[in-house]
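Notes to accompany the following structure.
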Amino acid sequence: MSGDILQRLNTLTLSIKHFSRLPHSDLIPSSFPSPSPTIAASQVPILFQEPYILSGYRPVQQHWRCYLLSLFQRHNESLNVWTHLLAGPVLLLRWWANVDALGYTLDLASLPLSLFLVSSLTYLFFSVVAHLLQSHSEHAHYFFFFMDYVGVAVYQYGCALGHYFYTSEPVWRESYIGLLYLPGAAFFGCLSCAGCCFAKSRYQRPYPMQRKICQLIPTTLAYMLVICPVVHRLLTVSWTQEPSLPFHTLQIASFLLSALFFSCPIPERFFPGYCDFVGQGHQIFHVLLSLCTMFQLEALFQEYARRRDTALEVFGERQLWWACVSFPALFLGGILIALITMSFLFVCSITF
């Protein structure tokens, strides 16, 4: 089925290319750029080559419109783009369905839930842009993936806000971890962004193990902290009384599976060249991470419905405002980290 979809996208791209060559078109000039056919891994710089993916690459240095139109082209990033591009509308549909069912109103008590949605859409958007446009040039490749890491950091903190204000139990919040939870989540969010940007800029293909270590250690620490209140609740609260807990279990399971496919190039490792368009581990990672976000949304909406009337009394306006104001601060901090790394990379490329 995925092969049929990609074939139809490829046919649509060819139709666009053919239409752009019509001499009597007033809306689209004859010189309108269209995506070039995909090429083999040996025909692109090593930076763009993915392990065990042997074909389906887009040529570098095309016009920007070519990469935008490649949204409808069959290439080895197509499903990476579409998995997260479609996840956004699905997430919004589930949001509106829950809003109608629960009578959601935008106020201070619901602000962390709204920021979770914003953080989810942010990482999905940056991921789509990175996979769609990164083939333009080496600088574009680095810049867009650095912004992708910013999206991941923002999503981590959005999850932390939702888990802290709607999932956490009073006993856990009074522990040392609970007291340091939100500042720690902000710190590890920035650290994971910095670690991923550093690993991307520091190590060249073929990537050594140190690159994965620089990426996985800070992101793993961030996840272990962010998921703490969920794990505590799963272990201490009766499942028969809390319908949100199965969704939390599913979000943890889908995330751990997604981490496996992110860390290991499977199944393409065992079938080089056969997963060039469909079946790459990164595509599976995208699907599982999207499912994780969906399960989180369902769980948080149920817990919001239970705690929205007491949130202000339990946490106070000051803590809610501080936590929510720190969200854009983290976002700006992540962008600053990405820009600093990008400028350092640019200086190094000129020097050497």
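Between residue 263 and residue 210, what is the label-to-label distance in nm when each label sits 7 Å out along the Cα-to-Cβ direction?
Result for the modelled spin labels: 2.1 nm.
Based on the Kirkwood radius over alpha-carbon pairs, what is the Stokes-Einstein translational diffusion coefficient of the chain at 37 °C with 0.692 mPa s viscosity, in µm²/s?
Once the numbers are plugged in, D ends up at 151 µm²/s.
Taking the Cα atoms only, what angle lies between the long axis of helix 78-102 and the longest principal axis of the chain, rounded to 10 degrees?
Helix 78-102 sits roughly 30 degrees off the main axis of the chain.
Report the gain in length on full extension from residue 256 to residue 139: 0.36 nm times residue separation, minus Cα-Cα distance, nm rounded to one decimal.
Working it through step by step, the gained length comes to 39.0 nm.
Could you give the nm distance between label points at residue 101 and residue 43, where each point is 7 Å from its Cα heading toward the beta carbon?
Modelled inter-label distance: 4.9 nm.
Which GluC sites (Glu not before Pro) from the stretch 290-352 combine a DSSP loop assignment with at most 15 other Cβ atoms within 10 Å?
Those that pass, being in a loop and sparsely packed, number zero.
Treat every Asp and Glu Cβ in the stretch 34-151 as -1 and every Lys and Arg Cβ as +1, leave all other atoms uncharged, and give the resulting dipole magnitude about the Cα centre to the nearest 20 debye.
280 debye
For residue 319 and residue 65, what is the calculated FRET efficiency with R₀ set at 51 Å and r taken between the beta-carbons, to the nearest 0.05?
Calculated value: 0.60.
Compute the acute angle (0 to 90°) between the alpha-carbon long axis of helix 245-263 and the principal axis of greatest extent of the alpha-carbon atoms of the chain; round to the nearest 10°.
Roughly 40 degrees, rounded to the nearest 10.
What relative contact order, as a whole-number percentage, does the chain give when Cα pairs under 8 Å and 6 or more residues apart are counted?
It comes to 21 percent, rounded to a whole number.
Just going by the charge dipole of the chain, with Lys and Arg at +1 and Asp and Glu at -1 on Cβ, which of 291, 237, 210 is farthest out on the positive end?
My answer, from the dipole projection, is 210.
May I ask you to order 116-124, 159-167 by the average number of other C-beta atoms within 10 Å around their residues, highest value first?
159-167, 116-124
If you take the charge dipole of the chain about its Cα centre, with +1 on Lys and Arg Cβ and -1 on Asp and Glu Cβ, which of 154, 273, 315 is farthest toward its positive end?
Of the options given, the answer is 273.
When 148, 107, 309 are ordered from fewest to most other Cβ atoms inside 10 Å of their Cβ, what list results?
By the 10 Å Cβ count, ascending: 309, 107, 148.
Relative to the Cα centre, what is the charge dipole magnitude of the chain, using +1 at the beta carbon of each Lys and Arg, -1 at the beta carbon of each Asp and Glu, and rounding to the nearest 20 debye?
In debye, rounded to 20, the chain gives about 800.
Under a Cβ-Cβ cut-off of 11 Å, what is the net charge of the residues other than residue 142 that fall near it, where Lys and Arg count +1 and Asp and Glu count -1? Please list the in-between numbers first.
Values: positive: 200; negative: 138, 148.
Summing Lys/Arg as +1 and Asp/Glu as -1 gives -1.
For the Cα atoms of the chain, what angle does the longest principal axis make with the long axis of helix 2-20, in degrees from 0 to 90, nearest 10?
Computed tilt is about 50 degrees.
Throughout, read-outs are computed from the coordinates displayed, never taken from laboratory work. Since the model is a prediction, treat every value here as computed from it, not as a measurement. Using ideal geometry, Cβ is built from the backbone for each residue, glycine included, and neighbour counts are taken over all protein chains shown.
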